[in-house]
Amino acid sequence: MTRVCAQGTFDVLHPGHVHYLEEARSMGDTLHVIVARSENVTHKPDPILDGRQRRDVVGALDAVDEARLGHPEDIFVPIEDIDPDVIALGHDQHHDRDRIAGALDDRGIDCEVRRCSGRSPTYDAELLSTQAIIDRIIAERN
């Protein structure tokens, strides 16, 4: 059985997230998703939604076998617990594939790191980014 691990913030879930998780799921038999804790999101604005809510929404997707919150201090703790065969990175995630692979090797975690494809909008008004959704809400509600 091939275990796949995906991770992300998943704030304001949108079709791009669904594409990522469905593609990640296609890489194996089970998909485990690590949802970043709000305090660990440092590369973009703070999430709008609470971590538990984001985890619950991600966990409700058909492609996801298990969703959990990340560790408060060490991102590799849940990865060690899951012991994945594949880590699937989102197409636009800030993680460097080679650095992740090196850190996994340093910890004795034997798994492949793959980058998923992006999803193009299927119609002009489709929004595939949390920030674009937030910007649209602000523009429409002001």
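Read-outs throughout are calculated quantities, based only on the coordinates presented, and are distinct from any laboratory measurement. Only a predicted model underlies this, so the values are computations on that prediction, with no experimental measurement involved. FYI the Cβ positions are ideal-geometry reconstructions off the backbone, even for glycines, and counts take in every protein chain you see.
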(Q) Counting only other residues whose beta carbon sits under 9 Å from that of Pro72, what net charge do I get with K and R as +1, D and E as -1? (A) -2
Q: State, to one decimal in nm, how far the label point of Val41 lies from the label point of Arg97, with both points 7 Å from Cα in the Cβ direction.
A: 2.6 nm
**Q.** 0 to 90° range, to nearest 10: angle between helix 97-106 axis and the chain longest Cα axis
**A.** 40 degrees
Q: Could you give the size of the charge dipole of segment 3-141 about its Cα centre, using +1 on the Cβ of each K and R and -1 on the Cβ of each D and E, expressed in debye and rounded to the nearest 20?
A: 380 debye
Q.
If I fit a long axis through the Cα atoms of helix 130-141 and take the longest principal axis of the Cα atoms of the chain, what angle between them do I get, 0 to 90°, rounded to 10?
A. 20 degrees
Q) Comparing Asp98, Asp124, Asp50, which has the greatest mean-square fluctuation in the GNM of the chain with Cα pairs linked when under 10 Å apart? A) Asp124
